[in-house]
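Below: one structure, written as C-alpha cells.
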Amino acid sequence: MGEALAMMRPSSSSSSPYPLLAPPTCSSRLSPLRCFVGLRWSAPRVKIRERLNSVAGIASGTRGCDGRFRAPASSASQPWRTAITIRNDNSQNADFPRNYSKREKKPFPIPVLELRRRARQRMKQAEGKPKRSLPPPKNGLLVYRLIPEAYRVYNARILLINNLKRLMKVVPIKGCKYCSEIHVGSDGHPFRTCRGMSSDKRRGEHDWGSTLVEAIFLPVEAYHLEDRLGPRITHDQRFEVPRIPALVELCIQAGVEHPEYPTKRRRKPIIKIGRKEFVDANEDDLPDPEPDERFNQPLLEELPYDEIIAPSSREETAALAEETLEAWETVRHGALRLLKSYAVRVCGYCPEVHIGSSGHKARNCGAFKHQQRNGQHGWQAAVLDDLIPPRYVWHMPESGELQKELKSFYGQAPAIVEICIQAGAEVPDKYKATMRLDIGIPSSLREAEMVV
C-alpha cells in the first residue's frame with residue numbers, strides 16, 4: 001500500500017506540482033466523468049479512489065479486482081456543479097466594420113445555397129396545395145401597419161439633418177480635401193491613410209479643411225418610381241427619371257404622400273396573367289378615396305444653412321445631441337422594419353441602390369471590370385448599411401489627441417454618434433464594443449511596446 005501511495009505522489013522533477021491526469025474512462029453505460037479547471041484537466045475524487053482500490057487489490061492478490069470502475073449513480077453526479085451564466089447582448093469589444101476592396105464583390109446577405117434550399121423547401125411544401133394569393137406589398141397594396149412607421153422615418157431623417165447642421169456650428173469637424181475621410185475634432189487625425197490625388201507626394205498625409213453635412217450623413221440616391229410594379233427603367237430613360245434620396249423613396253413607396261413626388265396607389269390587388277405579367281383590377285365600382293386622418297401627418301422640411309441657429313448654452317447643446325442621437329436610432333430602426341417588407345436592391349460592385357423588386361437597366365456601373373458586364377449592375381438584396389452608411393470615424397480618447405504609434409489602441413464609432421458624444425450625449429451601449437472604452441491607452445510608445 002505504501003508503494004501505491006508513492007506512485008500517486010507527484011515527482012519532484014515534474015514541471016508542474018499538479019500532474020495532468022488522463023480523461024477518466026468507464027466501462028459501464030455512464031457517460032465519461034470530467035470537469036475542467038481553466039484549461040487543465042481535473043480528475044474527480046472517484047477516479048483517485050478507483051486507482052487506489054485497483055492498486056491495493058493487485059498488491060494483496062484479491063481475485064475479482066481488475067481495476068474496473070463501477071460507481072453508483074450518486075457518485076456520478078458529484079463532480080458536476082451548477083454554473084451561473086451571465087449573458088450580455090452587447091459584446092465587450094468588437095472588430096471594426098470590414099472595408100471591402102473595389103475589386104471584390106459584396107457578399108450576399110443570405111448565401112446562395114441557403115436561398116436555393118429555402119426555395120426547394122417552399123416548392124416541396126406547396127405540392128398538391130392551391131396557390132395562395134400574393135401578400136402586400138407584392139400584390140400592389142400597401143402594408144398599412146407600416147404607414148405610420150414610414151412617416152416617422154421621413155420626419156426623423158429631416159430632423160437629423162437639421163440638428164446636424166446646428167451641431168456642426170459647435171462641434172468641430174474636419175474633412176480631407178483630396179479623399180472622403182472625415183474626423184470629429186479640432187485637428188485632423190495624424191494617420192497617413194489618404195488615397196486621394198497626389199497622396200504619394202504627401203506620403204498619405206491628409207490635408208484637412210471644412211466639410212458639409214453631406215459628408216457625415218451620406219446622400220444615397222435612387223430613381224423615383226411613379227409605379228413600383230411598373231416596367232423597369234431602361235438605359236435610355238436614365239436621365240428622364242428623377243433621382244431622390246433612397247430613404248425618401250422607400251418612405252414614399254411605404255405610404256408617405258409627398259406632394260412633389262406622386263406615385264400610383266392601388267386599392268385592389270393585381271391580377272397575375274403570367275410569371276411576370278399582370279393587369280390592374282377594375283376599381284370603378286369603388287367610391288372615391290377619402291384622405292385618412294390617421295395617416296395624414298405633417299412633413300418636416302429641411303432648413304437651409306443660412307437659417308441654422310447654433311445652440312446658445314452647454315445644456316442646450318447636450319439636449320440637442322440627445323435628440324439627434326434619438327433621431328439617428330429612429331431612422332435606423334424604422335428603415336430596418338421597412339426593409340423587411342419592401343424590396344431594396346444594391347449593386348454588388350458599386351454603391352448604386354434601387355428601391356424595388358428588380359433593379360433598373362441603366363448601364364452606369366463603373367466599378368471593377370464593368371466592361372465585361374457592359375456597365376450593367378449586379379443586383380442583390382440590400383442590407384441596412386447599404387441604405388444608410390454609418391460612416392465610421394476615430395473616437396477621441398479622454399486625453400484629446402491621437403498618436404499614430406498607438407493606432408491599434410483607439411476605437412471607432414459612426415460619425416453621427418461621435419458628434420453627439422462630443423456634444424454631451426451619453427454613449428449608447430450598442431456602440432461601446434467598437435469604441436474600445438475599456439482598453440487602457442498607453443501613455444508612451446515605450447509602454448505600448450511592453451504590452452503583450
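The values are calculated or read from the model by the stated rules, or taken from the named source; none is laboratory data. Keep in mind that what you see is a predicted model, and the values were worked out from it rather than measured. Cβ sites come from the backbone with ideal geometry, for glycine too, and all protein chains shown count toward neighbours. Just so you know, the surface numbers come from the protein's heavy atoms only, side chains and all, with ligands and any DNA or RNA stripped out. Shrake-Rupley method; radii C 1.70, N 1.55, O 1.52, S 1.80 Å.
With respect to the numbered conditions (1) crowded, with 17+ Cβ neighbours inside 10 Å; (2) over 30 Å from the mean Cα position of the chain (by Cα); (3) of a type outside the set (Phe, Trp, Tyr), which one is the sole condition not fulfilled by Ile252?
(2)
Which count do you get for residues in the range 119-135 that are without any contact (Cβ under 8 Å) to a residue 40 or more places away in the chain, closer than 26 Å to Ile355 by Cβ and open to solvent by less than 100 Å² (accessible area, probe 1.4 Å)?
Adding up the residues that qualify gives 2.
Can you spot a residue in the range 275-294 that is in contact with a helix residue (DSSP H, G or I) (Cβ under 9 Å, 6 or more places away or on another chain), touching a residue at least 60 places away in the same chain (Cβ under 8 Å) and surrounded by 10 or more Cβ atoms within 10 Å (Cβ to Cβ)?
Scanning the range 275-294, I find no residue that is in contact with a helix residue (DSSP H, G or I) (Cβ under 9 Å, 6 or more places away or on another chain), touching a residue at least 60 places away in the same chain (Cβ under 8 Å) and surrounded by 10 or more Cβ atoms within 10 Å (Cβ to Cβ), so the answer is no.
What do you reckon, is Val170 in contact (Cβ under 8 Å) with a residue 60 or more places away in the chain, β-branched (Val, Ile, Thr) and out of contact with any helix residue (DSSP H, G or I) (no Cβ under 7 Å at 6 or more places or on another chain)? Can you show your working first?
Details: in contact (Cβ under 8 Å) with a residue 60 or more places away in the chain: yes; β-branched (Val, Ile, Thr): yes; out of contact with any helix residue (DSSP H, G or I) (no Cβ under 7 Å at 6 or more places or on another chain): no.
No: the conditions fail for Val170.
When you check Gly185 against the structure, is it modelled with pLDDT under 95 and surrounded by 15 or more Cβ atoms within 10 Å (Cβ to Cβ), yes or no? Break it down stepwise before answering.
On the way: modelled with pLDDT under 95: yes; surrounded by 15 or more Cβ atoms within 10 Å (Cβ to Cβ): yes.
Judged against the criteria, Gly185 is a match.
I'd like the residue in the range 299-329 that is farther than 13 Å from Ile161 by Cα, of a type outside the set (A, V, I, L, M) and in contact (Cβ under 8 Å) with a residue 24 or more places away in the chain and, out of all such residues, is surrounded by the most Cβ atoms within 10 Å (Cβ to Cβ).
Within the range 299-329, the match that is surrounded by the most Cβ atoms within 10 Å (Cβ to Cβ) is Thr317.
Hey, any hits in the range 218-230 for a residue that's of a type in the set (D, E, K, R), at pLDDT 95 or above and either open to solvent by 10 Å² or more (accessible area, probe 1.4 Å) or farther than 23 Å from Phe295 by Cβ (or both)? Let's see the steps before the verdict.
First, the residues of the range 218-230 that are of a type in the set (D, E, K, R): 221, 226-228.
From the residues that got through so far, the ones that are at pLDDT 95 or above too are 221.
With the extra rule that they be either open to solvent by 10 Å² or more (accessible area, probe 1.4 Å) or farther than 23 Å from Phe295 by Cβ (or both), the set shrinks to 221.
There is at least one residue in the range 218-230 that is of a type in the set (D, E, K, R), at pLDDT 95 or above and either open to solvent by 10 Å² or more (accessible area, probe 1.4 Å) or farther than 23 Å from Phe295 by Cβ (or both).
For (1) in contact with a strand residue (DSSP E or B) (Cβ under 6 Å, 6 or more places away or on another chain); (2) within 24 Å of Lys106 (Cα to Cα); (3) at pLDDT below 90, each residue gets a yes or a no:
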| site | (1), (2), (3) |
| --- | --- |
| Cys350 | no, yes, no |
| Gly356 | no, yes, no |
| Arg363 | no, yes, no |
| Gly375 | no, yes, no |
| Asp386 | yes, yes, no |
| Val393 | yes, yes, no |
| Lys407 | no, no, yes |
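Only one of (1) under 30 Å from Ala318 (Cα atoms); (2) surrounded by fewer than 20 Cβ atoms within 10 Å (Cβ to Cβ) is not met by Phe368, so which one is it?
(1)
With the condition kept exactly as written, say whether any residue in the range 203-214 is closer than 30 Å to Pro172 by Cβ, in a helix (DSSP H, G or I) and touching a Lys or Arg at 6+ places or on another chain (Cβ under 6 Å). Working first, answer last.
Our first condition is that a residue be closer than 30 Å to Pro172 by Cβ; within the range 203-214, this holds for 203-214.
Right, trim to in a helix (DSSP H, G or I) and you get 213-214.
With the extra rule that they be touching a Lys or Arg at 6+ places or on another chain (Cβ under 6 Å), the set shrinks to 213.
Yes: one or more hits.
Within the range 395-452, how many residues are open to solvent by less than 70 Å² (accessible area, probe 1.4 Å) and not in a loop (DSSP other than H, G, I, E, B)?
Matching residues across the range 395-452 total 17.
Can you pull out the residues in the range 140-171 that are open to solvent by 30 Å² or more (accessible area, probe 1.4 Å), at pLDDT 95 or above and of a type in the set (Phe, Trp, Tyr)?
none
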